[in-house]
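> So that we are looking at the same thing, I have put the structure below in structure tokens.
Bear in mind that the values in this text are calculations on the coordinates, not laboratory data. Predicted model, so just to flag it, every value in this text is computed and none were measured. Cβ coordinates were reconstructed from backbone atoms using ideal geometry, including for glycine residues, and neighbour counts include every protein chain displayed.
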Amino acid sequence: MPYEGETGPQNRRGVPQARLLAEAAALKRFSRRTLLAGAGASGLLAADMLLTREVQSQRQTTKILPVPDDFADAYYPDACWFLFPGYKTSWEEAQWILNTLRGSLNKRARLAAVGYSNLGLDVTEVVRAISEYVAVEKITKLFFYGHSFGGMLATQVAARLLAVAGIQVQFILLDSSPYSAHDVLDQSWFDGVVFLYERGFRFPSTLRGGYELGERIIHKDERSWRQILDQTLEQLSPIAPSSVLIQTESAYIYHFEGSQFAGQLGTAKMAYLGNPKDQTVDYETASETWAVAFKDNMVSSGLQTIGAAPAHASPGWNPQIYRPLLTELLDEYFPLPRGGSRVSIF
């Protein structure tokens, strides 16, 4: 007989057949959704790994990326700016930065960016790439722009070029560059990336998507919502630096010791440019330490990018703030010949 409150046919355990059919249908739907979701996640992960591998296959060596400029290419064939991109900066963004600053930089030299290999940051490879470019292009005057952590690398490369090849760098601009890992304000992600890298763990770029978005929202006061979206999507696009490159950049910052290059730069002039509101690098400690350690080379450490957003190393976003400062700095320490100065066509 049916149980109280239940009607209709029942199986041997007294459960209505209609209920069993409903549960079976629900289980079927659940299983299908689970299968589709799992397959979708696996597909995204596989696609991400394939895209990352494709980018790596195209960018397996460090390359010098020239940025054409008719004025500089014509009037300064023997001089060149080399931009050392910052942490997680793609080849495309590095060239974009130079394009936004060309009106200040092209009055003294041609423009080129260092494109780091997606197989990982290798200082020897960077030195080789610049040495070969200098030889082929017959460059005799080198100007280095160190964008964020790129200032660390620019300093080491300048010392190595002088010691190994006798190539003297004229100028090194440090744009919000940390002097050491202690100047990096957010240590949590930074330490974790280095820890995983040094234990041989590599991760696909999709796994850092949550961090990319979260890190920018935390520092929302430094960015507009448009910048948050653009920067996050850029880091998850196929042209973004590989996770391996980012991990090696993290390890480089973590172990960098600027003091070993003090006194190794010859006659190179250095300048520090930064923002007191920087929430990525401690402006006060970084600028002061660079100035003290490289006192024989540092000619300026007081220029500030007040009003820039984000506050940390953002020439691409704030060229209207950076260009006047760069022009002032270069006019003072690398004055153009009187009566023979040329005005940029840009």
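> Over 23 Å between C-alpha atoms is what I'm after, so list which of 63/295; 107/141; 63/88; 107/138 land there.
Table pairs above 23 Å Cα-Cα are 63/295.
> Sort 325-334, 155-164, 107-116 by the packing proxy (mean of other Cβ within 10 Å over each peptide's residues), most packed first. Could you put the intermediate results ahead of the total?
Values: 325-334: 16.0, 155-164: 21.3, 107-116: 24.7.
In descending order of packing, they fall as 107-116, 155-164, 325-334.
> How much length is gained on full extension from residue 138 to residue 168, taking 0.36 nm per residue of separation minus their Cα-Cα distance?
9.4 nm
> Could you tell me the center-to-center distance, by alpha carbons, between region 105-124 and region 280-311 in angstrom?
What the calculation gives is 22 Å, centre to centre.
> Could you rank the peptides 59-68, 266-275 by their average count of other C-beta atoms within 10 Å per residue, with the highest value first?
266-275, 59-68
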